[in-house]
Structures are given as structure tokens and as C-alpha cells.
Amino acid sequence: MPPTAIDPSATPSRKAPTAAPADVTPTTDANAPLVVRVASVTQLNNRLAEYLTPAELKSIKDAYRFADEMHLGQVRRSGDPYISHPIAVAEICAEWKLDAQAIMAALLHDVMEDQDVLKDELIERFGAPVASLVDGLSKLDKLEFQSQAEHQAENFRKMLLAMARDVRVILVKLADRLHNMRTLSAMSADKRRRIARETMEVYVPIAHRLGLNNLYRELQDLSFAYLYPLRQRTIAKAIRSARGNRRELVGKILESVKSQLAKAGIEASIAGREKTLYGIYRKMRNKHLSFSEVLDVYGFRVVVDSFEQCYVALGVLHALFKPMPGKFKDYIAIPKMNGYQSLHTTLIGPYGTPVEFQIRTAEMNHVAESGVAAHWLYKNQDATLTDLQQRTHAWLQSLLDIQHQTGDASEFLEHVKVDLFPDSVYVFTPKSTIIALPRGATALDFAYTIHTDIGDHAVSAKINHEPAPLKTELRNGDIVAIDVSDDAQPTPNWLSFVRTGRARSAIRHHLRSMNREQAIEVGELLLEQALISLELPSSVPSTVCDKLVGDTGAKSMGDIKADIGTGRRLATLVARHIQSLMETPVTGSATLTGPAPEQKIKPVTISGKEPSSSVQFAQCCSPIPGDILAGNLRRDQMLVVHTSDCELARRSRAKDPGRWIDVSWAEDYPSRSNCRISVLVADEKGLLARLAAQINESDSNIVHVGMDEGRREGPLTELRFTVQVEDRIHLARLMRNVRQVRGVARILRDKG
């Protein structure tokens, strides 16, 4: 064994797990011998040595030793040493030729959940990417699917994908589920059925969506065997009986097809295949057929050398046997969403038996069997990933405009690091129903999604069984409960933090339905609180009220208070206007003037809760928390917030200083802000993917990407990103990380 190999003897604490009892995999053929699958370190090492470097093998050996040490003394339900499970999961991943980081994550995937290993320790030992993968797998392990409703299964699948920011997390999770299904016989009958149902409803569709055909078929048949054991055994017995009767038929078809293709000068490999047991059962159930009526139990796969030969072979087969009308599908010209490509045709074979043929190239066959994993080591230098990626993974690409590039594993991973469902968050009700909400949604949005009455009377929330305010932003996997009170009712402040249109509409409807007296009462209370916060008397002189009414264009002070009560005006801004009027002679001009220079006035605080109808951030400078601010109070009482060094703001302030006020950020400003950055880069293949990956690694979302072909500096090109950041410190960290990307010449914040 080479020195970089995974050495079972490296951990002296116990016997190497190669001697563990075998895992037994049920097959679709009930008469076939059981297939013994031994979780072998040697087998895993041999597979990995086929495509990984010695340095990568050494890192994997370190991960194996750590996992072996952490699982010391731990035993599976079957009696096997627990370490046999991570090794088996890693071996499945190695069959897909996943990279070293994914293999390490497969070996370590249970150490956080079972052994309380901290993410920081994994980062220190194995690096941030591996730790992030293991952390993602640990979070997925905590989810439990309970509802059998179809739409809930779909939401659960989306939740799994949304929680996995890296597609490798899903691949390792599927490998984990496959090995658990292969060894499910050690569980109790109830647990076998529950896990099999979850696999059938959640993981089988994910495997199909990812194009992992072999995995999809095996998970499907294993689930079928545990969900309906009697039906599975009955169909398996019927297939055994039919197999002998049809052996002569299958041989005759094979000989005829081989002969005709050879005459046409087409070299092809032809293999007969049998429908899976679950595939036969599903067809019998959906079409109300008996087993004898399911004629296309057998099919044939024809693999040829080139794209053109697919259609030539199709013509040969149609000349040999009569095609069935309506039974031809061209998935080469129009591929499936998961990238599957093949020609499907059903022909009338000897004795009038329908026979299905699938015709494809070797590359198409590889994609059909391995799906998303097929591209990990795609090394054809004559092809690009542009068409292939867009065809096979269009649903994975939410941000990146994929450029022409060669297909190696690292660049492929950079493309799929983006969130799979970036605009959605999935949370549980206390009864385990899954609710889909927009990203950034709060507990109050959740309440209104459940029912308008619950939203209208909400007073607080419990998130993961802990008390939380209604404005708390929800995360994937949260369990949310709402506390209600008959005395509670919506307030204008709620409009400042809800995200869903349903919640906003319901709150506004309630506020509009308030009679004028109620609206004035609420507005008066809010204005009084705002005046007190500015250390002003709550009673406003009539002369100031008259001046305020004239400045704002309202009909009366009652209208202003009613507008505040229904959320159309911001109490803080009205109070600030009153403050300026009280510090300025009433006989002055009709314009709003500022206080005397020697008087100190508190700035208006921006908390992030203000309605968009009252406060807007200027697009010219895009302020973010940490910037020094200046606010322009327009005549319609809209406050437009600029950075203090914004050139447009400086010119406007010089013309009309009386309408400018000081503005500051609240200490606990809750929202992320959009910020524009300009990046001067070399025109290299794959650079956009590297930049997007680095921005994602810096915990920032990309809102927009733009490029102006006319703005070049020699061989360099300017890319403009709009990103979401928490504050100036977050932006500085992001810019520092992006500056380190190979090919980046300069990065600047763009303030217009």
C-alpha cells in the first residue's frame, strides 16, 4: 500500500473495520443470490487512487483516522462497527468520482451529530469547505419528514435542496440514504416502513431530478420491498416465471438487431434490460393492468459512437420491426430537465410483443446513469460545459451566466455553490406542515400565511420552542408557533417589517377599516411618543400646527394624525418637522428652515422598520450601515437618505439647506443593504464563476451582475456587481476576499 493510502492500521485503538460483518443488499430478483457488500477500506482506497492525487489521498486518510477515532466503540443496529457506515458512504461517492472534499465529508458526516464535534475543530483540521459540507449534512439529518401529502413531500424536497448551498451535500446525503436502505433489515418493521416511505417520497425524486438513474432505480426498488413486501415478492415470482418463456424471444431480437446494425456499418453495444419491480407495479396500478398485460417488461439499450448514428440506428430498427404509433420520444433534441438524453421507441417484435428500445451515445449513457455526478471529472477538452451545463443543470444555475470553459471539477463546483432556491425559506408549523415563504419573511408573515385572523391577533411567536418577537426573520427548518390575543390588532409599525404581499395587504386593509376617530387616536399616540423622544412637549402650539398643515398640504392636523395612524406618514419625520418649526420664527418664510447653528438637534434614527412610503435610500450612493448619512425631507414628507459624501446630495444641500437633516443608523439595524462594487478583471475563462463563488463564500448574495463592453482598460474588463452586505465592515471583508481572486486587477465601491 502506498504511503498516502488509507491505512486501516493507522488507528491502533481497534481492529480495522475491513473485518466488519457484510452489508447485504436486496436485489430486484427474488430468486437471485444476495449481493454481499463489504465496507472495505482497501476497496475505497483502490477506487480513490484511480482519480485522486497522492496529496488528496493523504488528506482523506487523515479524515478516516479522525472518524475512526470519533466512532470508537460505536456499533450499528446490525452489530457492525459504526465506522463501516461512513466508509460505505464514501465508497458510493467514490463510484461517482466525487472530489476529495466530498469524500472527506462522507467519512466525517456523522461526527458533529453523534460525537458533538464542533465545526471550528473541523475547520482547523480539514479546512472550511469540508467543515461546511459536514455542517450542511448535520443540519439535513435533523430534519424529519412526517406528512404524506404530495405537496408536503415536494416542499420537503425543496427544503433539503434549499438548506444545501453546495450540491455535494445532497450527493453525500443520497449516498448516506442508499447505504441505510441497503442495511435497513436490522430496523424494526415500523421504522423500516417509515424510512422507506420517506425515501420513496423525498429522496427518490431528488435522485431522479439530479439524473442519478442507477441510484434512483435502486432506492425505488428497496423502498418498494420494505413498503409492500408481499406485492414485491409476488411480482418477482411472476417475472421469474415469465423470464423462461421469453428467453427465446429476447435472444431472437438481439440477434436480429445486431445483424441489421452491422449491415448498416454501425458499431453498437446492445444490452437487454428488465423493468424494475416497482416500475412494473406502478404501471399495473396506474393503468389497472394484470401482470400478463404488462408486455414491455423487457427493453433494449443500444449505445452507439456518435450523435448522428443514433438516428441512423433508429431508422434501421424501424425498418426491422414496425413502430407503435405515438410511442416515439426524442429526448436528444429536447432533453429532460435533469439532462437525460436518448431516443425512445417501442416496436412490435416477434409474435406481436411490444419491445422498447433506447438509443444513445456513450456520453449520453454516462449522463443517464450518473446524472449530476457525471460531470465531476468531465475532461473532454474539445467540448465546453456551456451547452452541457445549461442543458443538464439549468435548474441549478440561479445567478451565473456560464462562460465557455473546460470542464474540471473545481470550476463545476464554483457554478453550483449558489443557493438552489435563493428566494425561498421553508419552515414547519407545530404540526409539521411545511410552509414556503419568501426569503427574509418574519414570524408575522408566517402568521398571516396560516390565517388572516391569526395575523391580526398575533402578539408574539415561538421559534424552535423559544420566545421570539413577531419581527424575527425566519430560517430554513424553523418550527414556528404564534401566540394570539383577542385584544391585539395590527399597527402601522407592522408594515415596516413584513415581507409577504398577503401580510401587507391584510394589515393595510385592517388599518383602512379603522374609523377616522380610531386612526386619529393611534396617530396622536405615535406622534406624542415621537415628540417625547426628541425631548419636545407633547402639546404642539396651534401656530406651529397651522404652519405644519400648510407645509405638508394636509387639510387639517386631524388628517396628519390619521395619516400617521394608518401608516401613510412616519411619526418621527412629522415630529422632526415640528421641531424645526418650533426653533424657527413662525413669521419666517414658507420653506422649512433649519435650527440655529448653536442648538444641538438629535438626528433621525433609521431602524429599518420604516415603511417604504416614508423612507427611501438614494440610488445614487446606496448607503449601507456604517456610512455617515444625510436626509433630504421632500415636500411630500418622504425622507430620502444619502451618504454625507454623495456628490448629488452636496449640490442639492447647497441649493436648499433647510430641507436637509442629520440621519443616523440604529445600533441594531436588522436588514442587509444593496451595495454596488466595480471589479476590473482580466478577460479569462471561468473568472465570473470564481468571483461569484468568492462573493458567496463571503456570506453575501448577488443581486445583479453587469458588464459594459465599452468600458475597458486595455486587456481588462469592468464588471459591476450589486451585492447585499450587513455593513461597511462586511463590505471591506468581501472586497478583500474578491481582491485575492486570480485575475482581479482592481475593486472599488461604486457610489455613482
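Assorted remarks:
- Gain on full stretching of the segment that runs from ARG197 to ASP487 - 0.36 nm per residue minus C-alpha separation: 100.0 nm
- Between THR42 and MET707, the contour length at 0.36 nm per residue exceeds the alpha carbon distance by 234.3 nm.
- Nitroxide proxy distance, nm - points 7 Å out along Cα→Cβ at THR605 and GLU50: 6.4
- Shown is the FRET efficiency for GLU517 and ILE729, computed with R0 = 60 Å from the Cβ-Cβ distance and rounded to the nearest 0.05: 0.80.
- Cα-based Rg and Dmax for the range 48-128, where Dmax is the largest Cα-Cα distance (Å): 12.5, 35
- Gained length - VAL312 relative to HIS465, 0.36 nm times residue gap less alpha-carbon distance: 48.7 nm
- Sequence ranges 459-470, 425-436, ranked by mean other-Cβ count within 10 angstrom, highest first: 425-436, 459-470
- Inter-part distance where the range 527-541 and the range 77-127 are each reduced to a Cα centre, Å: 62
- Using a simple spin-label model with pseudo-atoms 7 Å out from Cα toward Cβ, ILE628 and SER188 lie 6.8 nm apart.
- Working from label points 7 Å from Cα in the Cα-to-Cβ sense, the LEU648 to ARG749 distance is 1.7 nm.
- Taking only alpha carbon atoms, the range 639-752 gives an Rg to Rh ratio of 1.05, where Rh is the Kirkwood radius.
- Using a Förster distance of 35 Å, the FRET efficiency for HIS288-VAL75 (Cβ separation, nearest 0.05): 0.15
- Dividing the alpha-carbon radius of gyration of the range 442-568 by the rule-of-thumb value 2.2 N^0.38 Å gives 1.24.
- Theoretical FRET efficiency, 1/(1+(r/R0)^6), r = Cβ-Cβ of GLU95 and ALA362, R0 22 Å, to 0.05: 0.80
Quick note: the coordinates plus some simple rules give every number you see, no bench work behind them. Predicted model, so just to flag it, every value in this text is computed and none were measured. Every residue, glycine as well, gets a Cβ built from its backbone with ideal geometry; the counts of neighbours run over all protein chains shown.
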